Amino acid sequence: MSARKAEVSRTTKETEISVSVDVDGTGRAEMATGVGFFDHMLDQLSRHSLIDMRVSAKGDLHIDDHHTVEDTGIAIGQALSKALGERRGIMRYASLDLAMDETLTRAAIDVSGRPFLVWDVTFSAPKIGTFDTELVREFFQALAQHAGITLHVTNLYGANNHHIAETCFKAVARVLRAALESDPRQPDAVPSTKGSLKG
Ligand SMILES: [Mn+2]
């Protein structure tokens, strides 16, 4: 595999974001989105996927966190898609149940080139600190769309909303790691009968 690294810069009237990723990293995270809870979640995404990620976002936080969170998802998704190129030699599929104290969340992924999010996660409160819980879905919707991945996330049970959010990020991180791992039995093949996993 050639180096699976990419950088993306994205500027709109609402946000100015730059992202760099190294898929074959060590999980080194440098997050500066201006949203503390979101930085904490992105740290989990990087740490548990072993994808090095540097994210710098300047968004219209005087309105709310929405544009910053969604556009960061778009930029990380674009960077991942760019880094993965033809998606040769990857395992492609992965799933797992991720436990954290009282919470259990399942994630399944197909690095298919076909963007799709199935989201079955309900929060019992609208906020975690100052962070809107509905933005967790917005982030993963943007990520799935722009990374070109099919992603299913199901919270099976849980009481604490911080745990529910955190298990979503950790579970997705772990399935990303497993699905992007190189397949030693077909290191140069695109794992598709179509011959293409690009969207
Ligand atoms: Mn935490």
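Things to note:
- Partners for Lys5 among lysines (Cα-Cα distance below 24 Å; same-chain residues under 8 apart left out): Lys58, Lys82, Lys170, Lys198
- For the chain, alpha-carbon Rg relative to the globular expectation (2.2 N^0.38 Å, N residues): 0.97
- Where GluC sites (Glu not before Pro) in DSSP loops with at most 16 other Cβ within 10 Å are excluded, longest remaining stretch of the chain: 103-180
- Whole-percent carbon and sulfur share, accessible surface of the chain, 1.4 Å: 48
- One decimal place: the segment Ala125-Ala99 gains 7.3 nm when fully extended, by the rule 0.36 nm per residue minus the C-alpha distance.
- Additional length obtainable on full extension of the chain from Lys5 to His40, 0.36 nm per residue less Cα span: 10.4 nm
- Computed from the C-beta positions of Asp24 and Ser196 and an R0 of 25 Å, the FRET efficiency is 0.65 to the nearest 0.05.
- Heavy-atom accessible area order for Phe131, Phe123, largest first, 1.4 Å probe: Phe123, Phe131
- In the stretch 88-173 the Cα-Cα distances spread across 10 Å bins starting at 0 as 19, 50, 26, 5, 0 percent of all pairs.
- Close amide H contacts of Thr133 (hydrogens built in the peptide plane, cut-off under 5 Å, sequence separation of 5 or more or a different chain): Lys127, Ile128.
- When the trypsin sites (Lys or Arg not before Pro) in the stretch 146-199 are filtered for DSSP coil states and for at most 15 other beta-carbon atoms within 10 Å of their beta-carbon, the remaining sites are Arg185, Lys194, Lys198.
- Added length on full extension, which subtracts the Cα-Cα distance from 0.36 nm per residue, Tyr157 to Arg114: 12.7 nm
- Debye-formula intensities of the stretch 158-199, expressed as log10 I(q)/I(0) at q = 0.32 Å⁻¹, are -1.05 (one equal scatterer per alpha-carbon, no solvent).
- For the stretch 6-127, accessible area per residue (1.4 Å probe, heavy atoms of protein chains only), Å²: 46
The values are calculated or read from the model by the stated rules, or taken from the named source; none is laboratory data. It should be emphasised that the depicted structure is a prediction, and the values quoted were computed from it without experimental measurement. Note that each Cβ is placed from the backbone with ideal geometry, even for glycine, and that neighbours are counted across all protein chains shown. Protein only, heavy atoms only, side chains kept; ligands, DNA and RNA dropped before computing areas. Shrake-Rupley method; radii C 1.70, N 1.55, O 1.52, S 1.80 Å.
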